[in-house]
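The values are calculated or read from the model by the stated rules, or taken from the named source; none is laboratory data. In this text the structure is predicted, and so the values were computed from the model without any measurement. Cβ atoms come from the backbone with ideal geometry, glycine included; neighbour counts cover every protein chain shown.
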Amino acid sequence: MNVTNYQLAVFLEKYNSQGATERILSKLEFVSVRQSLEEFKQILLAHGHSTCFYCLKPVKQIHVDHFIPWSYMQNDVLWNFVLACPTCNTSKNNRLAKIDYLYTLV
Ligand SMILES: [Zn+2]
């Protein structure tokens, strides 16, 4: 909800050019800057996650994927991360995964 409110405020700011608050949110954009996911990758690897969450293949180069894409939920929480091979991560891109994967995640 906070991200939604923030994005709405950013949108409305474009149409409000009055006073000292002009473009103030764009100056605070660091609020939603993406952080390194290496810490989450190490936690998942330490807990036995060594295959791609989507295709189940063992992978040499593994990516940390936001199960619910970053653009939907700009918050890094462990439950929203899975390890994915580059192929699956790239093909999923910025979309929600199929519902079956949600059941697996739960
Ligand atoms: Zn995969």
**Request:** Those residues that are more than 19 Å from Ser36 (Cβ to Cβ) and assigned to a loop (DSSP other than H, G, I, E, B), I need them from the stretch 69-93; list them, please.
**Result:** Tyr72, Cys85, Asn93
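Residue-wise test of (1) in a loop (DSSP other than H, G, I, E, B); (2) among the aliphatic types (A, V, I, L, M); (3) modelled with pLDDT under 90; (4) closer than 22 Å to Lys92 by Cβ.
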site: Leu8; (1), (2), (3), (4): no, yes, yes, no
site: Leu12; (1), (2), (3), (4): no, yes, yes, no
site: Ser26; (1), (2), (3), (4): no, no, yes, no
site: Arg34; (1), (2), (3), (4): yes, no, yes, yes
site: Phe40; (1), (2), (3), (4): no, no, no, yes
site: His49; (1), (2), (3), (4): yes, no, yes, yes
site: Phe53; (1), (2), (3), (4): yes, no, no, yes
**Qualifying position, being outside the structural domain of Gln7 (by TED's automatic domain parsing), exposed (fewer than 11 other Cβ atoms within 10 Å of the Cβ) and either within 28 Å of Asn2 (Cβ to Cβ) or in contact (Cβ under 8 Å) with a residue 60 or more places away in the chain (or both), among Leu96, Leu83, Leu78, Leu44** = Leu78
**Prompt:** Identify, please: which residue in the stretch 55-68 is closer than 16 Å to Arg95 by Cα and assigned to a loop (DSSP other than H, G, I, E, B) and is, among those, nearest to the ligand (Cβ to nearest atom)?
**Reply:** Phe67
